[in-house]
Ligand SMILES: [Zn+2]
């Protein structure tokens, strides 16, 4: 039922570099905007599909309103999701990183406390991202947004779209680190 995504076939996909696998200790040590105690309490998913990932992104199975993103470096940030009480909270339906169009609950405004004293004083930055943080899979056509029948055609190659996504995501991480 989905149109064939021609961007994921052929040489373009092969030229995209996947993420270097990291150990759990490396992932915890990469987190720049939480205490060591919080970093040690975050629960990891059972496994990561490294070969399809440009960055790590997951919701903490032990604390569903907490999410983590780790970009190559590695540099990781902890983010919070709003509580799901009002559906009107989400206004955007497009992920700002992978530009996937979702129905409204497919995109969430994630908020990350700034690193260091600024964050401890309550300063944060926010960004609209895929709720499941599976941008890498949407970019590769390995996951489809629910309830969307029209796929946006793009003339960029997969590698160019991954570069654009990572530029945006690295920008978010830099804003948290600043
Ligand atoms: Zn996304």
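Listing for the model above:
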item	result
Test: residue in segment 129-142 that is farther than 23 Å from residue 75 by Cα, in a helix (DSSP H, G or I) and modelled with pLDDT under 95	no
Among the residues listed as 67, 39, 47, the single one being away from the ligand (no atom under 16 Å from the Cβ), at pLDDT 95 or above and either touching a helix residue (DSSP H, G or I) at 6+ places or on another chain (Cβ under 7 Å) or at negative phi (or both)	39
Segment 74-107 - residue that is at pLDDT 95 or above, in contact with a strand residue (DSSP E or B) (Cβ under 8 Å, 6 or more places away or on another chain) and not in a loop (DSSP other than H, G, I, E, B) and, of those, surrounded by the fewest Cβ atoms within 10 Å (Cβ to Cβ)	80
Search result, residues across segment 108-127 that are part of a strand (DSSP E or B) and modelled with pLDDT of 95 or more	110, 111, 112, 113, 124, 125, 126, 127
Residue in segment 147-160 that is in a helix (DSSP H, G or I) and without any contact (Cβ under 8 Å) to a residue 40 or more places away in the chain present	yes
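The values are calculated or read from the model by the stated rules, or taken from the named source; none is laboratory data. None of these values were measured; they are calculated from a predicted model. Cβ coordinates were reconstructed from backbone atoms using ideal geometry, including for glycine residues, and neighbour counts include every protein chain displayed.
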